[in-house]
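See structure below.
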Amino acid sequence: MNGTRVAVLGAGIVGAACARELALAGLEVTVVDRGGAASATTSHGEGNVLVSDKGPGPELELAQLSRKLWPQVLAGVAERSVAAAHGVEWEPKGGIVVATTDAGADGLTRFAADQRAVGVRADVLDADALAEAEPYATREHTAALHYPEDAQVQPAGAAAALLGDALAAGATLRTGCEVLGAVTRSGRITGVRTSAGPLEADWFVNAAGPWSGELSARLGAPVDVRPRRGDVLVTAPLPPMVFHKVYDADYVGAVGSSAGDLQTSAVVESTRGGSVLIGSSRRRVGFDDRLRPEVLSAVAAKALRLFPTLAGAAVMRAYGGFRPYVPDHLPVIGADPRLDGLWHAGGHEGAGIGLSVGTGRLLRNLMLGEPTDLDANPFRVDRPAVLGTTPRPVSEESP
């Protein structure tokens, strides 16, 4: 495939992971972004690499593949640059899920049993074990599970490391370059018109995150990827008090919900710098990027149920970002059947950081006709949810 030109449209972590795989495979890769590398959704994420929040099915299989690949990818990054690998801030610290109601405990127990059946490790923590693992967590809980496979990265650092590998393998990066439309010939995309002039390639990868729907429409092959807003609070640096990624059992339901109104659940984790990240919220408000005090207040209230000791913590800042949401909650990975030469890699909602390396590997396998580690069919582009033929509930029409 040497000499095959690929344009990756989007320089977030998913685009960077795709570019890395394709460049290392010997393709001529150009990465294009209208802003800067990792400057939008990726830089507004929490860095989750999770298996704990996914039930049996295609997304969990992609998460398991990604979790296996992350250490291998980072070992490759370290061979090129130890500093780049260090900047990823890889922490395989595990996750703990806590239920605070009887109903939550029942749901969590059933969910974990289903996960164990497909190879996910989920260890029950009694009151003493939870207190040892998280001494500052609430004692008012009804169930707790430890997921040792969960991990965390620094999102922008991880994206930079992946993109750095791609560039070292010969890829080029064009920032400040907005894609305006497609150039087609006989049902095939042969180029794109950009704010910096035309760009020709043999294949084009739509990796524009929450803007994938808008970009795909410009290219003449629309996919139903929409923005879903999330907000995070960041405390001032604190003494060590959160040792895993800790979230309440409601989080899984919020992730899988299709409701357009505000949903919150407690997600609490520390960073290497000592700050504590407090999430999370989900709401569909288009690309309205205003922080809402009532949302931040609801997020904080949920977190205090898990960690009452955070009541005295100073909040240093808050930020929000847009997640690429698909109505059936599955990523879109594969060739577009309507426009030859166009591929898609997106729609991961809040899981894009963790799923990026698995997505890059799967896309490379599909593009080059290689065997895949999992069934790619559930991620195909011609699903009703992706092509916009699935009816929308009234609640989905958010302002």
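The values are calculated or read from the model by the stated rules, or taken from the named source; none is laboratory data. If you're wondering where the values come from, they're calculated on a predicted model, not measured in any experiment. In this analysis, Cβ positions are derived from the backbone assuming ideal geometry, glycine residues included, and neighbour counts consider all displayed protein chains. Heads up: the accessible areas ignore ligands, DNA and RNA and are worked out on the full protein's heavy atoms, side chains in. Shrake-Rupley method; radii C 1.70, N 1.55, O 1.52, S 1.80 Å.
Odds and ends about this structure:
- Efficiency of FRET between TYR319 and ARG174 - r from beta-carbon atoms, R0 30 angstrom, step 0.05: 0.70
- Restricted to Cα atoms, the stretch 11-147 shows a radius of gyration and a Dmax of 18.7, 56 angstrom.
- Prolate/oblate/rounded call for the stretch 80-168, Cα gyration tensor, a/c under 1.5 rounded: prolate
- Counting lysine pairs in the chain that sit 8 or more residues apart in sequence, or on different chains, and whose Cα atoms lie under 16 Å apart gives 5.
- Per-atom-type breakdown for the chain gives carbon and sulfur 53% of the accessible area (1.4 Å probe, protein chains only).
- Approximating the spin labels as points 7 Å out from Cα along Cα→Cβ, the ALA311-to-GLU140 distance works out to 1.0 nm.
- Residue-normalised accessible area of the stretch 312-368, given per residue in Å² at a 1.4 Å probe: 27
- Centroid-to-centroid separation of the stretch 160-176 and the stretch 69-95 [C-alpha atoms, Å]: 17
- Here the relative contact order of the chain, from alpha carbon pairs under 8 Å that lie six or more residues apart, stands at 23 percent.
- In loop segments of the stretch 293-399 as defined by DSSP, the GluC sites (Glu not before Pro) with at most 11 further C-beta atoms inside 10 Å of their C-beta are GLU397.
- Cα gyration tensor shape for the stretch 25-74, rounded if a/c is under 1.5, else prolate or oblate: oblate
- In Å, descending, principal axis extents of the Cα set of the stretch 158-260: 58, 38, 20
- Per residue accessible area in Å² of the stretch 125-258, where ligands, DNA and RNA are left out and the probe is 1.4 Å: 38
- At full extension, ASP328 and ARG188 could sit 47.6 nm farther apart than now, given 0.36 nm per residue minus the alpha carbon distance.
- On full extension, the segment bounded by ALA376 and ASP106 gains 94.0 nm, given 0.36 nm per residue less the C-alpha separation.
- Computing Rg and the Kirkwood Rh from the Cα coordinates of the chain gives a ratio, Rg/Rh, of 0.96.
- Unit charges on C-beta of K, R, D, E only; dipole of the chain, Debye: 960
- Sites counted here are trypsin sites (Lys or Arg not before Pro) in a DSSP loop (not H, G, I, E or B) having no more than 10 other Cβ atoms within 10 Å; the longest part of the chain that contains none of them is 1-138.
- Computed from the Cβ-Cβ distance with R0 of 30 Å, the FRET efficiency linking THR4 to ALA196 stands at 0.85.
- Whether the stretch 271-379 is rounded, prolate or oblate, judged on the alpha carbon gyration tensor where a/c under 1.5 counts as rounded: prolate
- Per residue of the chain, the DSSP helices (runs of n ≥ 4 H) give a summed -39500 (n - 2.57) that works out to -10000 deg cm²/dmol at 222 nm.
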